[in-house]
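The values are calculated or read from the model by the stated rules, or taken from the named source; none is laboratory data. Worth saying up front: this structure is predicted, and the values here are computed from it rather than measured. Cβ: placed from backbone, ideal geometry, glycine included. Neighbour counts: every protein chain shown.
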Amino acid sequence: MDFSKILSIAGKPGLFKLIGEAKNNIVVESLTDGKKQPAFSHERISSLKEISIYTETGDEPLEDVLKKIFEVQQAKPVENVKKMSGNDLKTLFEKAVPDYDKDAVYVSDMKKVFTWYNILLEKGLLDFPEEKNEDENSGTTDNGNGDEKAE
């Protein structure tokens, strides 16, 4: 999925899909209820592509975090996110992102990530391409003078 087309709008629950642009706004569709509505430039709008999670070694893109949650959850939703205790949220988040920055990532952030994960999973938008093998050249090597030879 192209996470640059999935948006979070501050003050509005859930996630939105960018479906069009108008002169003074963009048109979004709620992934929760399917309603279309305008979103204006004065609203804080972030695409999921530009969101990352703080880790001990730097920032990890949200897409990678969602993929790790997908693997940990074995492609199943996170049950009862809103009712989970802070400790349960931290434990589950740590399974997916063991090196998350415990001082900078709050329980509310974890709850939001798990809620987004559930929405994207329900809508079938979590399709992660298989990792490419390093043998993409399929048996060809460069001999240094610009000619490739098959092995």
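Annotations
- Within region 46-104, the set of residues being among the aromatic types (Phe, Trp, Tyr) and free of Cβ contacts under 8 Å to residues at least 40 places away in the same chain comprises just one member, Phe93.
- Yes/no for Leu62 being closer than 19 Å to Asp2 by Cβ, crowded, with 17+ Cβ neighbours inside 10 Å and outside the structural domain of Leu18 (by TED's automatic domain parsing): yes
- Lone qualifier among Glu56, Glu50, Glu79, Glu21 - being charged (D, E, K, R) and under 16 Å from Tyr117 (Cβ atoms): Glu79
- Residue match in region 22-29 (condition: out of contact with any Leu (no Cβ under 6 Å at 6 or more places or on another chain), under 14 Å from Met110 (Cα atoms) and without any contact (Cβ under 8 Å) to a residue 24 or more places away in the chain): no
- Filtering Lys23, Lys102, Lys95 for residues that are farther than 22 Å from Phe128 by Cα, surrounded by 11 or more Cβ atoms within 10 Å (Cβ to Cβ) and basic (Lys, Arg) leaves a single hit, Lys102.
- If you go through region 1-60 and keep only what is among the aliphatic types (A, V, I, L, M), part of a strand (DSSP E or B) and under 30 Å from Lys95 (Cα atoms), you end up with Ile6, Leu7, Ile9, Ile45, Ile53.
- Ala96 vs. criteria modelled with pLDDT of 95 or more, over 18 Å from Leu15 (Cα atoms) and among the small types (Gly, Ala, Ser): yes
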